[in-house]
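Data block below; observations after.
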Amino acid sequence: MANNVHIIVMPHIEDLEDNSPLFVAVPFERVGEVENAIADRYGIPNEDQLLVHLGTLMKDDDSYLHEFNINDAAHIDLYRRLPSGTMVAVPVHWQEEIYSIENYNNEHSVRKLKKRLDKIGVGVPPRRQTLIYQNILMADDDQLLEYLNDAHHNDIYLLETPTDPDYLMQLRVKVEGTYEEEVFDVDDDDTLYTLLAKVQKAGLADDRACYFMLDDRKLDSRGTVADHGLLVGDILRLIYEE
């Protein structure tokens, strides 16, 4: 990297005595070297720093700055990481709804959060969920503490990867003990939690605890259509728990 390149670090931390930008003169080559300069200036340990450049989390200390397209006068946003094990409220925005998850451990992975969202009825299976935080794409294997910080509300936005119509198939759902039934479009990635959300949004079922049966087999709601080997025309019985 050329010697005349400079980086402007913009802190977003309310309780800093000096919240003014930090001008870092490069030739620093690695992210860790920038973190050292930030620690010297603001007194924030490297492990507590969250650095973001143009929507990309700079989380690997050994990564080279050029990997993040750092150019002259590039801006890097600085946030302070919440301590590991912090219980947080996570509002997730999806379409016109906000799904609020309270007292959620920030050590949990993004993948686990996706499964939780599926379970509470967003109607989008984990494999088709994309989660965005502060314009940053959240990676499945990351912990939430890699993203959530003490300067912002923890609002996360959910985007859905569209279903390929060529892979849709129809399943019939019958509510046990009633004459209610309806056909629903599903694909292999849909879990039975996803299907249940569709059934509830269609008004065929209420929010009581329930499960699906195929013939004499009780189906695990965490499993997908593919996991259970469901086929076109299968009839699932929805049964309320007693």
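Counting the residues of region 78-124 that are of a type in the set (S, T, N, Q), surrounded by 14 or more Cβ atoms within 10 Å (Cβ to Cβ) and in contact with a Leu (Cβ under 7 Å, 6 or more places away or on another chain) gives 1.
Being touching a residue at least 40 places away in the same chain (Cβ under 8 Å), under 22 Å from LYS115 (Cβ atoms) and of a type in the set (Val, Ile, Thr): is that true of THR224 here? Spell out the reasoning first.
Details: touching a residue at least 40 places away in the same chain (Cβ under 8 Å): yes; under 22 Å from LYS115 (Cβ atoms): yes; of a type in the set (Val, Ile, Thr): yes.
Taking the combined requirement at face value, the residue satisfies it.
Which residues, counting only those in region 31-76, are of a type in the set (D, E, K, R) and either buried (at least 20 other Cβ atoms within 10 Å of the Cβ) or outside the structural domain of PRO21 (by TED's automatic domain parsing) (or both)? Across region 31-76, the qualifying residue is only GLU35. If the condition is being assigned to a loop (DSSP other than H, G, I, E, B), among the charged types (D, E, K, R) and surrounded by fewer than 18 Cβ atoms within 10 Å (Cβ to Cβ), then region 155-188 contributes ASP155, ASP164, GLU176, GLU180, ASP188.
Applying the criterion of at least 2 residues that are within 30 Å of GLY223 (Cα to Cα) to the strands (runs of 3 or more DSSP E) found wholly in region 29-124 leaves 87-94, 97-105.
Would a scan of region 203-222 turn up a residue that is in contact with a Ser or Thr (Cβ under 8 Å, 6 or more places away or on another chain), crowded, with 18+ Cβ neighbours inside 10 Å and farther than 17 Å from GLN170 by Cβ? No: region 203-222 contains no residue that is in contact with a Ser or Thr (Cβ under 8 Å, 6 or more places away or on another chain), crowded, with 18+ Cβ neighbours inside 10 Å and farther than 17 Å from GLN170 by Cβ. Every listed requirement among (1) at pLDDT below 95; (2) within 18 Å of ASP118 (Cβ to Cβ) is met by ILE156 save one, (1). Scanning region 87-112 for residues that are free of Cβ contacts under 8 Å to residues at least 40 places away in the same chain and of a type in the set (A, V, I, L, M), which turns out farthest from ASN149 (Cα to Cα)? Among them, the one singled out is ILE98.
Scanning region 208-233 for residues that are part of a loop (DSSP other than H, G, I, E, B), in contact with a Phe, Trp or Tyr (Cβ under 8 Å, 6 or more places away or on another chain) and hydrophobic (A, V, I, L, M, F, W, C) yields a single hit, ALA209.
For region 6-23, give me each residue that is of a type in the set (Val, Ile, Thr) and modelled with pLDDT under 85. Passing the criteria: ILE7, ILE13. Residues in region 129-148 that are in a helix (DSSP H, G or I) and touching a helix residue (DSSP H, G or I) at 6+ places or on another chain (Cβ under 9 Å): LEU144, GLU146. Among the criteria (1) at pLDDT 95 or above; (2) closer than 19 Å to TRP94 by Cβ, the one TYR211 does not fulfil is (2).
The values are calculated or read from the model by the stated rules, or taken from the named source; none is laboratory data. Please read all numbers here as calculations on a predicted model, not as lab measurements. Note: ideal-geometry Cβ built from the backbone for every residue, glycine included; neighbour counts use all protein chains shown.
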